[in-house]
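Undergrad: Here's a structure for you.
The values are calculated or read from the model by the stated rules, or taken from the named source; none is laboratory data. Predicted model only: the values in this text are computed from it and were never measured. So basically every Cβ, Gly included, is an ideal-geometry build from the backbone, and we count neighbours across all protein chains shown. Calculation scope for accessible area: heavy atoms of the full protein, side chains included, ligands and nucleic acids excluded. Shrake-Rupley method; radii C 1.70, N 1.55, O 1.52, S 1.80 Å.
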Amino acid sequence: KLRVAIESGADTVMDLSTGGDVSGYRRKILEASTIPLGTVPIYEAAVEMTRAKKSLMDMRISDFLRVIRRQAEEGVDYMTIHAGVTKDSVDSLLSQDRILGITSRGGSIIAHWISHNKKENPLYEYYDEILDILAEYNVAISLGDGLRPGSIHDASDRGQVHEMLILGKLARRARAKGVQVIIEGPGHVPLDLIADNMRLEKSLCDGAPYYVLGP
């Protein structure tokens, strides 16, 4: 898949492995890739918890930071961090009638962690510690849209917009620490709302690059 992506003119690739020797797969991709590589660290953290015969609901920030540092040391170029899925943003989503709920894998993991532990998202609570590692290794942050709509019926709802407001603030904090930032979004939206979603993101996130998932 990496070779096909490069031959087809892709600007970047992502390793979204969720099982097996995740670190080994990533190292082989990094050795072979001539373009930037992105990852979603929560996936590897989940694999490690399973391997240790622990519930992902028992994950602590130290487990996550260990994965982030390892990936940064290996040479990953950008990482998707679902720091915008907070207790408040999840409450916003649950206060409405969504057809498809949470469709993001990372967003679902964090939302369940919050519900199970009755605590704030550790990726949000310890965001500065995450940024410190990314800044040290010059890794860009991709702020994941964990509450993106999975159905056009749910487009631009409270959950999506609340999270985007948080992502805008997180983007400014990343820049203040010297970390380059891109924003995920907007999920599944009707064709006539794509332009509006783009303008909304550019306004709320101070023009941060927006890469689309869904449309």
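Undergrad: Could you list, in sequence order, the residues of the stretch 65-99 that are touching a Leu at 6+ places or on another chain (Cβ under 9 Å), touching a residue at least 60 places away in the same chain (Cβ under 8 Å), under 21 Å from Asp15 (Cα atoms) and not in a loop (DSSP other than H, G, I, E, B)?
TA: Scanning the stretch 65-99 gives Ile68, Ala72, Tyr78, Met79, Thr80, Ile81.
Undergrad: Just give me the residues in the stretch 145-191 being on the phi > 0 side of the Ramachandran plot and either open to solvent by less than 10 Å² (accessible area, probe 1.4 Å) or hydroxyl-bearing (Ser, Thr, Tyr) (or both), in sequence order.
TA: Going residue by residue through the stretch 145-191, those that are on the phi > 0 side of the Ramachandran plot are 156, 178, 185, 187.
Across the stretch 145-191, the qualifying residues are Ser156, Gly185, Gly187.
Undergrad: Restricting to the stretch 1-27, name every residue that is of a type in the set (Lys, Arg), farther than 12 Å from Gly75 by Cβ and surrounded by 13 or more Cβ atoms within 10 Å (Cβ to Cβ).
TA: Hits for the stretch 1-27: nothing passes.
Undergrad: Check the stretch 103-114 and report whether any residue there is more than 25 Å from His153 (Cβ to Cβ) and surrounded by 14 or more Cβ atoms within 10 Å (Cβ to Cβ).
TA: Looking through the stretch 103-114, at least one residue is more than 25 Å from His153 (Cβ to Cβ) and surrounded by 14 or more Cβ atoms within 10 Å (Cβ to Cβ).
Undergrad: A follow-up question, please. Collect the residues in the stretch 131-159 that are under 18 Å from Thr103 (Cα atoms), under 14 Å from the mean Cα position of the chain (by Cα) and not in a loop (DSSP other than H, G, I, E, B), keeping them in residue-number order.
TA: Answer for the stretch 131-159, where residues must be under 18 Å from Thr103 (Cα atoms), under 14 Å from the mean Cα position of the chain (by Cα) and not in a loop (DSSP other than H, G, I, E, B): Ser142, Leu143.
Undergrad: A further question follows. Any residue that is outside any helix (DSSP H, G or I), among the hydrophobic types (A, V, I, L, M, F, W, C) and closer than 24 Å to Leu170 by Cβ - is there at least one of those in the stretch 29-40?
TA: yes
Undergrad: Which residues, taken from the stretch 73-92, are open to solvent by 10 Å² or more (accessible area, probe 1.4 Å) and hydrophobic (A, V, I, L, M, F, W, C)?
TA: Val90
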